[in-house]
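Since the structure comes first, as structure tokens, the remarks are kept for the end.
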Amino acid sequence: MYIFLTELLGLIINIDPNKNPFFNDLYARYNFIIFIVYDLMFFGYFFYLFWHYCTHKKNKQFILFGSIAYILAFIVNALATNIIIDPQLYSYNIGVIILVISIILFLKENKNTPFFTKNVLFWISVGLLVFHIGFIPINILYSYSTIETVKMNYILPKIHLALVFVTYGCFIYGLLRMKGKLKA
């Protein structure tokens, strides 16, 4: 629900800058702060989730130190750029890299577990992995493009949308395939 509300608020601000609840007219067109807050919550949640479900000490340590590295990168990136008008590209990409590695560690650690593909976390991991590996280049292109070049490039939004559908398709499939609790 939080993702939906974040995306909806970002879309509303993009369509009608006067609806921006955060800034005056000078910054009304910018909605980066919404996604910065979202990234902090998103990465924090998934770092904790994979840290919690990994059992190997080295994997847990990597995720913990990766979380700290992400927070430090976020702080440095926020101090080096204006968080109101600039996307936090460096901290986001560092967060994605740490998340992708955390997912891979989780999948490798649990690959021989019985019924692993019936575990909803397996399918969430697959969805996140597909999305983030595909979205890193798109995010970099979006961040360094002008509004005119993004509007001229019709393929990037289509790929982005396809990644979103694949991700949520994995989530839904995982929920449908999830192994039910055994009755006592």
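The values are calculated or read from the model by the stated rules, or taken from the named source; none is laboratory data. Since the model is a prediction, treat every value here as computed from it, not as a measurement. Don't worry about glycine lacking a Cβ; one is built from the backbone with ideal geometry, like all the others, and counts go over all protein chains shown. Please note that ligands, DNA and RNA were not included when accessible areas were found on the heavy atoms of the full protein model with its side chains. Shrake-Rupley method; radii C 1.70, N 1.55, O 1.52, S 1.80 Å.
For Ile83, the stated conditions do not hold, so it cannot be described as assigned to a helix (DSSP H, G or I) and among the β-branched types (Val, Ile, Thr).
Taken as a whole, the structure leaves Asp86 outside the set of residues that are within 23 Å of Leu161 (Cβ to Cβ), charged (D, E, K, R) and at pLDDT 70 or above.
Within the range 126-135, is there a residue that is at pLDDT 85 or above, open to solvent by less than 40 Å² (accessible area, probe 1.4 Å), farther than 16 Å from Phe50 by Cβ and not aliphatic (A, V, I, L, M)? Yes, the range 126-135 has at least one match. Within the range 74-103, residues that are closer than 27 Å to Lys58 by Cβ and open to solvent by 10 Å² or more (accessible area, probe 1.4 Å) have Cβ atoms under 8 Å from residues that are part of a loop (DSSP other than H, G, I, E, B) and polar (S, T, N, Q) in these pairs: Phe74/Gln88, counting only partners at least 6 apart in sequence or on another chain. Screening Ile68 on (1) open to solvent by less than 50 Å² (accessible area, probe 1.4 Å); (2) part of a helix (DSSP H, G or I) shows it passes everything except condition (1).
Residues that are among the β-branched types (Val, Ile, Thr), closer than 20 Å to Phe171 by Cβ and assigned to a helix (DSSP H, G or I) occur in the range 104-117; there is at least one. Here the range 148-184 is the region considered, the condition is being over 12 Å from Phe135 (Cα atoms) and among the hydroxyl-bearing types (Ser, Thr, Tyr), and the residue that is modelled with the lowest pLDDT is Thr149. Listed by first and then second residue, the pairs with beta-carbon distance under 9 Å, at least 6 apart or on different chains, first residue in the range 39-59 and closer than 24 Å to Gln88 by Cα, second open to solvent by less than 30 Å² (accessible area, probe 1.4 Å) and not in a helix (DSSP H, G or I), are Asp39/Gln88.
Quick check, is Asn119 touching a residue at least 60 places away in the same chain (Cβ under 8 Å) and either out of contact with any helix residue (DSSP H, G or I) (no Cβ under 7 Å at 6 or more places or on another chain) or open to solvent by 20 Å² or more (accessible area, probe 1.4 Å) (or both)? When the stated conditions are applied, Asn119 passes them.
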